[in-house]
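Below is one structure, written out as structure tokens; comments come after it.
The values are calculated or read from the model by the stated rules, or taken from the named source; none is laboratory data. Since we're looking at a predicted model, the values are computed, not measured. Cβ placement follows ideal geometry from the backbone for every residue including glycine, while neighbour counts extend to all protein chains displayed. Heavy atoms of the whole protein, side chains included, go into the accessibility calculation; ligands, DNA and RNA do not. Shrake-Rupley method; radii C 1.70, N 1.55, O 1.52, S 1.80 Å.
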Amino acid sequence: MFKIFVDGEAGTTGLQIRERLEKRNDLEILKIDPELRKDVNERQRLINASDVTFLCLPDAAAVESAALCTNPNTCVIDASTAHRTNPAWTYGMPELSKAQREAISKAKRIANPGCHASGFILGVYPLVESGILPRTANLAAYSITGYSGGGKKLIAEYEEAANMAHAAGESKAIMAPAPYALALAHKHLPEMKKICGLENTPFFNPVLGPYYKGMAVTVAIFPSMLTKKVTPEDLTEILTKHYEGSRFVKVMPYEAAPTLFNGRLDATVCNDTNNARIQVFGNENIMQVTTIIDNLGKGASGAAVQNMNIALGLDEGISL
């Protein structure tokens, strides 16, 4: 039986991981006394007693916890931003390639991808890898996301009864989509650039929506930036070929006039799953690639559990 420790289990991602794992009979969840959750010695003991430790902590605390691991057999999976561009850590997105999946299966230090970054990379990486999108491309992207990714404080702000209550026709600020990270230096940008092999940092605009979870990341594709003339069908084919056989990533067929949900995109369609749904929209003059995920699923705890399963040599879909 594998021993698992979640360092930071009280946070949104930590709670989700615990919920996914507690029903399994092949795992023993190591529990820390709530009064000792900040005790370095107790945390170090549990980390080194585990087969896998999840770090669900702020960046600085994640770096501190990672340094506490001295057991060469313990696999550490970090859900923070701290190690995602660190070459000593393996990036936890097995769908990138067979080599990436193999690296995860052997890794003892795995950096779990960011939610916005997951949507961006899943849509862009295959296009760069195929050569149709040059590494010098200047990309613009936006992401609409549920408020749960902001953690407990933001969740409480949105779910306060007085804030959410409104009458028809009212335009309360909290009910409106809210662009943020307007210094244009979002913390997911470094991994988006590095993992996709881009030479230029993308323009990225995340938008907070008045709903709990679900994310749609959209990247604009102009024909002038591509290495040859292609159609949306061509891009769809490239993406489909790349993710052929993938359990969790599905590329939707191209539709010239997409019906969707009354002509609108549903950012919650992958909620409560570890799935990602990719679709190309537009025409030969202008295109977009949109990836939908559950920001708490494939964008956080689901991906972390998938990486754990692979690292332990188990079926990657268990608990997902």
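If you plug the beta carbon distance of ASN73 and TYR211 into 1/(1 + (r/R0)^6) with R0 = 51 Å, you get a FRET efficiency near 0.75. Quick one: which residues, 5+ away or cross-chain, put their amide H under 5 Å from the amide H of THR53? H built at 1.01 Å from N. The list, which skips near neighbours in sequence, is PHE5, CYS75, VAL76, ILE77.
Taking the C-alpha atoms only, the angle from helix 115-130 to the longest principal axis of the chain is near 60 degrees. The charge dipole of segment 1-94, taken about the Cα centre with unit charges on the Cβ atoms of Lys, Arg (+1) and Asp, Glu (-1), comes to about 160 debye, rounded to the nearest 20. Using Cα centres only, tell me the gap between segment 96-122 and segment 167-219 in whole Å. The distance from the Cα centre of segment 96-122 to that of segment 167-219 comes to 21 Å. Against the chain, whose longest principal axis is taken from its Cα atoms, helix 232-242 shows a tilt of about 30°. Taking a straight Cα-Cα cut-off under 16 Å and skipping sequence neighbours fewer than 8 places away in the same chain, the aspartates and glutamates within cross-link reach of LYS228 are GLU129, GLU237, GLU284. Straight-distance candidates among the aspartates and glutamates for linking to LYS38, with alpha-carbon spacing under 18 Å and chain neighbours fewer than 8 residues away dropped: ASP7, GLU9, ASP59, GLU64, ASP78.
Within a straight-line Cα-Cα reach of under 12 Å, LYS298 can be paired with the following aspartates and glutamates, leaving aside sequence neighbours fewer than 8 residues apart in one chain: GLU95, ASP272. Each stretch of four or more DSSP H residues adds -39500 (n - 2.57); spread over every residue of the chain, this sum gives -8500 deg cm²/dmol at 222 nm.
Compared with the dominant principal axis of the Cα atoms in the chain, helix 302-311 is inclined by about 60°.
The dipole here belongs to the chain: it is taken about the Cα centre, uses +1 on the Cβ of Lys and Arg and -1 on the Cβ of Asp and Glu, and is about 460 debye.
Here the accessible area of segment 219-320 is 51 percent carbon and sulfur, with a 1.4 angstrom probe and all protein chains present. Taking a ≥ b ≥ c as the square roots of the eigenvalues of the alpha carbon gyration tensor, segment 1-155 is prolate, as a/c is not under 1.5 and a/b beats b/c. Entry comment: accessible area of the chain is 46 Å² per residue, from protein heavy atoms only and a probe of 1.4 Å.
Checking the Cα-Cα distances for LYS153/LYS250; LYS152/LYS213; LYS187/LYS250 against a 23 Å cut-off, the pairs over it are LYS153/LYS250; LYS187/LYS250. For segment 179-304, the gyration tensor built on C-alpha atoms gives a rounded shape. Its axis ratio a/c (a ≥ b ≥ c) stays under 1.5. Normalised by the number of residues in the chain, the average gap of Cα pairs under 8 Å and 6 or more apart makes the relative contact order 19 percent. For Cα extents along the principal axes in Å, computed directly from the structure shown, the correct entry in (1) 55, 44, 34; (2) 59, 52, 36; (3) 61, 53, 40 is (2).
The fraction of accessible area contributed by carbon and sulfur in segment 134-192 is 61 percent, rounded to a whole number (1.4 Å probe; ligands and nucleic acids excluded).
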